[in-house]
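Engineer: Sharing a structure here in structure tokens format.
What follows is calculated from the coordinates using simple rules that are stated; it is not laboratory data. If you're wondering where the values come from, they're calculated on a predicted model, not measured in any experiment. We place every Cβ from the backbone using ideal geometry, glycine too, and count neighbours over all the protein chains shown.
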């Protein structure tokens, strides 16, 4: 097979391949005989993820299946023609299914409400159901390191909790494991890879269509701080793997009441 998923001279892609190879190993994301639904929206992140997982499949010492799944959410102007051609060029199993969540989101939310939350919940529920229908045991999502860093700060600044995006989790039903192979890859690297591979990007008419979103505020904050500190992103990625629960305030993790200075009263 002579295509981009198998052979590449793309230096940035090779670098990303090494990163996700370590991520897959360190978090045990892929195991023998897995059948993985790769959620491909048509954005740069998911297109890169599909190519990278195809590469991993070719090189893996253990057998596993992947297939591309695109959810047509009924957004105006959505055209899957290029995606279909891309899947066929990769010689990969694929599905393009339509669920009109776009109209549901537009109908249910007020103009000043954030669309992303409801949209993502609807999409995730469909992906779980479709993974089950198509006999997949894992669902691969394209969240990257910048998504994890932004989510950490969003939760701290606006939701009063210390939480981010994990590389691996199991759904509430207990039958689908969500994996995020790109979780340690910075967004700029994926942008470069998408440009090098000349992907046809399908934009989302909901994501980013609202001004002053909290995530945009955080994204700009990180961007500005990174100008002053070139190690900001790598430091925050390290922090997500270097947690000190006893240095925080959560009594569920630390029994502060039992910490006392000992006295020998004999």
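Engineer: Taking the Cα centre of each part, how many Å lie between region 129-198 and region 223-260?
Structural biologist: After rounding, the separation between the Cα centres reads 20 Å.
Engineer: Then there's this: Give me 164, 46 sorted ascending by neighbouring Cβ count inside 10 Å, so fewest comes first.
Structural biologist: 164, 46
Engineer: Let me ask you something else. Treat the count of other C-beta atoms within 10 Å as a stand-in for reagent exposure and order 221, 256 from fewest to most.
Structural biologist: Working: 221 13, 256 10.
In order of increasing Cβ crowding within 10 Å: 256, 221.
Engineer: What shape does region 11-250 have by the C-alpha gyration tensor, where a ≥ b ≥ c are the square roots of the eigenvalues, rounded means a/c under 1.5, and otherwise prolate means a/b greater than b/c and oblate the rest?
Structural biologist: Because its axes are fairly even, with a/c under 1.5, region 11-250 counts as rounded.
Engineer: Fewest to most neighbouring Cβ within 10 Å: what's the order for 35, 161, 121?
Structural biologist: 161, 121, 35
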